[in-house]
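Nothing in this text is a laboratory measurement; each read-out follows from the coordinates by a stated rule. Just so we're clear, the structure is a prediction, and the values are computed from it rather than from any experiment. Note: ideal-geometry Cβ built from the backbone for every residue, glycine included; neighbour counts use all protein chains shown.
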């Protein structure tokens, strides 16, 4: 406990030291870069943080993963963050409206896939089979995955009231878990989540015309005292190395604007 | 300090909650109806099954008694999420009893029954503990006298023990019901969330917060605080009159 306190103290002193010199144009030789990112970026950004730290000795990347909405609330409450990467443009736009976030760049996309348990109890072989009485677990319309699912069903011409939806879940992870456990016959999740589940689930691709695409924007939080280091993080994410890390985990490349 | 620490967040929910807007929201209304239905069913299950068990635990000594008591207390300290997973692994369609239940045409997860089971699993220990103390406080001479006068065990239980322990049982029932009403973790895992079917008030509050629809969330929160306060106050009044009240 005492060691933890000492470590936290040292860390805060370090952070305070960096903050003091941030106003000048010269970048401090090191410090802590705080990155707020949507939960679905956990694996990708954890890898990229290692790359960043090896490219910029003296710098430590502090990662904070949570739902985009929760991160937004924390930034609004004045938490010390340098970077915000969200799973939807909605919250960054809200923060920009409040002058709390600078310009953003779209750096990745994510798409949806239908997952079924590995033994596929309802015998689903194509996405339209979900209308044959399969027990489905989907996202609540209040959360992004639920909204995207509604879009996909609309594109497929499936009336969601005709489906046997047994639960509308608050998070992608809980949809995936319930399908993995075999308690539901199927559910819609992001491609990246389906990949992370390995062969515990079977993926059934959606027709391209029915897809909904989630766009991920990234930007520097207003008042960041280490804007240069923050920009270097964004450069890394946009670099071919960063993009490869993302696409390797199932993300789509940055949309060309 | 302490009063502020507890009082401020509670007061803030009331200050933020637009009760009128919340009452107009169908999500909030449905959630309250489901919460009332399922928590009352759970209360009935706790009282009907729990009362005889508590009586036996309080009045009989048998080998392994303390193991049984500990087992019944475990859900009190377990994270509710563990309870939810345990219910899946036991009663889910892939659970230990899954094939037997399917043979009976029963699929429990994602149903109202699942909500009731989750609530009962988590809340029944509160009732059980309180009922046990209430029965333990009944004069053994009173029960012995009833038996001498020719009453059978069932009659002694129903006509002597339960009425004498009545106030303590009432306190336990109130606490158990309040806990069932507030149950979230086990419910969201085992029963999921579907408006008008399995979505209880705590689940609706969480989803309201996640989706940025905080009006309904705050209004439901205010209702939950009011109901919980009423239950606790009722318990205090009951407990104040009863020397048999054993604080949990």
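Here are the numbers:
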item	result
Likely footprinting exposure, A:83, B:225, fewest C-beta neighbours within 10 Å first	B:225, A:83
Over chain B: helical MRE at 222 nm, DSSP H runs n ≥ 4 each giving -39500 (n - 2.57), nearest 500	-24000 deg cm²/dmol
Equivalent-ellipsoid semi-axes of segment B:141-207, from the Cα gyration tensor, Å, largest first	42, 12, 8
Shielding of A:167-176 by partner chains, average beta-carbon count, 10 Å	4
Sequence-separation-based contact order of chain B, relative, with Cα cut under 8 Å and 6+ spacing, percent	34 percent
Set of segment B:214-232 residues, backbone N closer than 17 Å to the point 7 Å along the Cα-Cβ line of residue B:19	B:215-231
Averaged over A:133-146, number of beta-carbon atoms from partner chains that fall within 10 Å	3
GNM top mover of B:190, B:218, B:89 - chain B, alpha-carbon springs below 10 Å	B:89
Sequence-separation-based contact order of segment B:73-183, relative, with Cα cut under 8 Å and 6+ spacing, percent	29 percent
Descending principal axes extents, segment B:57-107, alpha-carbon based, whole Å	39, 25, 13
Relative contact order, percent, chain A [alpha-carbon distance under 8 Å, six or more residues apart]	27 percent
Segment A:183-244, Rg to Rh (Cα coordinates; Rh as Kirkwood inverse mean 1/r)	1.14
Viscosity 1.567 mPa s, 4 °C: Kirkwood-radius Stokes-Einstein D of chain B over Cα pairs, µm²/s	66 µm²/s
Descending principal axes extents, segment A:108-238, alpha-carbon based, whole Å	55, 29, 25
Least to most buried among B:184, A:45 (fewest other Cβ within 10 Å first)	B:184, A:45
Rg and Dmax [Cα atoms of segment B:185-230; Å; Rg one decimal, Dmax integer]	10.9, 29
Percent breakdown of C-alpha pair distances by 5 Å bin, ordered from the shortest bin, for segment B:16-107	3, 10, 10, 13, 18, 17, 13, 8, 5, 3, 1, 0
Likely footprinting exposure, A:225, B:16, fewest C-beta neighbours within 10 Å first	B:16, A:225
Helix-derived mean residue ellipticity, 222 nm - over chain A, DSSP H n ≥ 4, -39500 (n - 2.57), to 500	-12000 deg cm²/dmol
Projected area, mean over directions - segment B:73-171, Cα convex hull, nm²	8.6 nm²
Descending semi-axes in Å of chain A, equivalent ellipsoid built from Cα gyration tensor	39, 18, 17
Cα gyration tensor of the protein assembly as shown - equivalent ellipsoid semi-axes, whole Å, descending	49, 30, 21
Pairwise centroid distance, computed over Cα atoms, of segment A:97-119 with segment B:31-105, Å	40 Å
